[in-house]
Amino acid sequence: MNKLILFCFLAIFSTVLCINNGVAVTPPMAFNTWNHFGCNIDEDLAISTMNKMISLGLSDVGYKYFNLDDCWMAKERTTNGDLTSDPTRFSKGIKYLADYAHTKGLKFGAYECMGTKTCQGYPGSFNHYSQDAQTFADWGLDYIKMDWCYTKQNNLDPRVVYPIFRDALNKTGREIVFSICEWGVDNPYLWGKQTGNSWRTSGDISCKWDRMQYCIEQVIGRSKYAGEGGWNDPDMLEIGNGCLTYNEETSHFALWAIAAAPLLIGCDLNSIPDSSLEILKNTEIIAVNQDIGSVPGDCIYKKDEKQIWKRKLSDGSVAVVMWNTNIESQDLEVTWEQIGLSCQTATKVRDLVEHTTYNNVDNGWKEISLDSHAVKMFRVYC
Ligand SMILES: *[C@@H]1O[C@H](CO)[C@@H](O)[C@H](O)[C@H]1NC(C)=O
């Protein structure tokens, strides 16, 4: 088919069709091993982290999934061609861990890759899509992230092969969150919603301010493609990894929340600083992320190292993030007209970071002084 026709076809249908697998109605909230641990993972880490998700109260505020990223596999498939876990680091097997998660009220996920190998060189899923989907279902997995390494030599087209894996998951009959990770290279926002529950919009995040800003800016203008069951994914959180300041970690969380991005914790829960834990457990910000039935937020103003983001929420209130991306402090302002509020005077403005309330605020906020890389996040009610 002519590329342009295919493109238009996908663009039109992406807004009406979705994966329809009943999960990720709101953005997934999870722990994932990659950002902090890379390949240094084993079953003790999985068990202790799941226990921490519960004892630190993270599961209570919505983080239900524990997800293994790359490197959980044995170097070779079994003689039947089945995937199997590393015999030393995961000697009890993945089903044992998934069962453990379920007895604790958690959910369990893992990682594979559409190509011939995973990014770290473990067996890839290519030529085994149905077999692997069935294995994941048999193990009781609830979430699967499919990466995009080693796809070049077979000229794989993500718009073709990700739907094949989606259908293989569907055939198992198990409801499994399907996370597409092709790094945003083939306009995944145009075909992502009918294919998966989330799609990465960029290459990997790293624990650096500039990279975090870059990743979130790749979702600007793309809120309209996402919604119930399918989400833009600017990659996992770096909060708690010690490389961002308190203001930077707060802005990281506020922006991911308002953009309705998956909230995927990526630090060591055995040594997470209290201030980072408090950010991840901010239930007023999580409520903006998990709002049911509304389109994700987006950037409505970006100039002079100042950004304004807004998300209209299902109760009629509007969430606002004012973000100073400058290295110096500066003043920001926002008008109620700008954020589409239907009244001149807001009866209530709730500061979601400070947890304070202001009543009867006319027209907007002026001269909000923000430190370098800091945000203000409000929820504004008519
Ligand atoms: C499989 O797809 C059908 C059709 O979209 C849907 O109704 C069903 O819920 C799906 N099942 C699972 C387990 O995803």
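The values are calculated or read from the model by the stated rules, or taken from the named source; none is laboratory data. If you're wondering where the values come from, they're calculated on a predicted model, not measured in any experiment. Backbone-built Cβ (ideal geometry, glycine too); neighbour counts: all protein chains shown. Note: areas computed on protein heavy atoms with side chains; ligands, DNA, RNA excluded. Shrake-Rupley method; radii C 1.70, N 1.55, O 1.52, S 1.80 Å.
Here the Karplus curve 6.51 cos²θ - 1.76 cosθ + 1.60, taken at θ = phi - 60°, turns the phi angles of the stretch 80-93 into couplings of 7, x, 7, 6, 8, 7, 4, x, 9, 6, 10, 5, 7, x Hz, with x standing for Gly and Pro.
Enter the angle in degrees (range 0 to 90, nearest 10) between the Cα long axis of helix 129-139 and the first principal axis of the Cα atoms of the chain, meaning the one along which they spread out most. Between helix and principal axis, roughly 80 degrees. Among residues other than Arg379 whose Cβ falls under 9 Å from its Cβ, what is the net charge (Lys/Arg +1, Asp/Glu -1)? In short, 0. The phi torsions of the stretch 363-379, fed into the Karplus equation with coefficients 6.51, -1.76 and 1.60 and a -60° offset, translate into couplings of 6, x, 10, 10, 6, 7, 7, 10, 5, 3, 6, 9, 10, 10, 10, 10, 10 Hz, rounded to whole numbers, with Gly and Pro shown as x. Between the helical axis of 43-55 and the longest alpha-carbon principal axis of the chain there is an angle of about 30 degrees.
Accessible surface for the chain, divided over its residues, is 41 Å² per residue with a 1.4 Å probe.
The peptide list 169-179, 355-365, 107-117, put in order of mean Cβ contacts within 10 Å with the highest first, becomes 107-117, 169-179, 355-365. Surface composition of the chain: carbon and sulfur make up 48 percent of the accessible area, probe 1.4 Å. Computed over every Cα-Cα pair of the chain and binned at 10 Å starting from 0, the pair-distance distribution P(r) comes out as 5, 24, 32, 24, 11, 3, 0, 0 percent. The amide H of Cys119, built 1.01 Å from its N in the peptide plane, has Cys149 as neighbours under 5 Å, considering only residues 5 or more places off or on other chains. In the chain, the calculated helix contribution to ellipticity at 222 nm averages -8000 deg cm²/dmol per residue, counting -39,500 (n - 2.57) for every DSSP H run with n ≥ 4. The phi torsions of the stretch 333-342, fed into the Karplus equation with coefficients 6.51, -1.76 and 1.60 and a -60° offset, translate into couplings of 9, 8, 10, 5, 4, 4, 9, x, 6, 8 Hz, rounded to whole numbers, with Gly and Pro shown as x.
Which entries of Lys107/Lys171; Lys306/Lys348; Lys145/Lys306; Lys52/Lys95; Lys281/Lys306; Lys92/Lys208 show an alpha-carbon separation above 30 angstrom in the structure shown? Display every interim value, and only then the final one.
Numbers: Lys107/Lys171 20 Å; Lys306/Lys348 24 Å; Lys145/Lys306 34 Å; Lys52/Lys95 20 Å; Lys281/Lys306 26 Å; Lys92/Lys208 36 Å.
Violating the 30 Å limit, Cα to Cα: Lys145/Lys306; Lys92/Lys208.
Helix 158-172 and the long axis of the chain differ in direction by around 70°, with both axes built from C-alpha atoms. Dipole check for the chain: with +1 at the C-beta of Lys and Arg, -1 at the C-beta of Asp and Glu, and the Cα centre as origin, the magnitude is about 980 Debye. Summary of the geometry: the stretch 34-94 and the stretch 121-187, compared by the centres of their Cα atoms, lie 18 Å apart.
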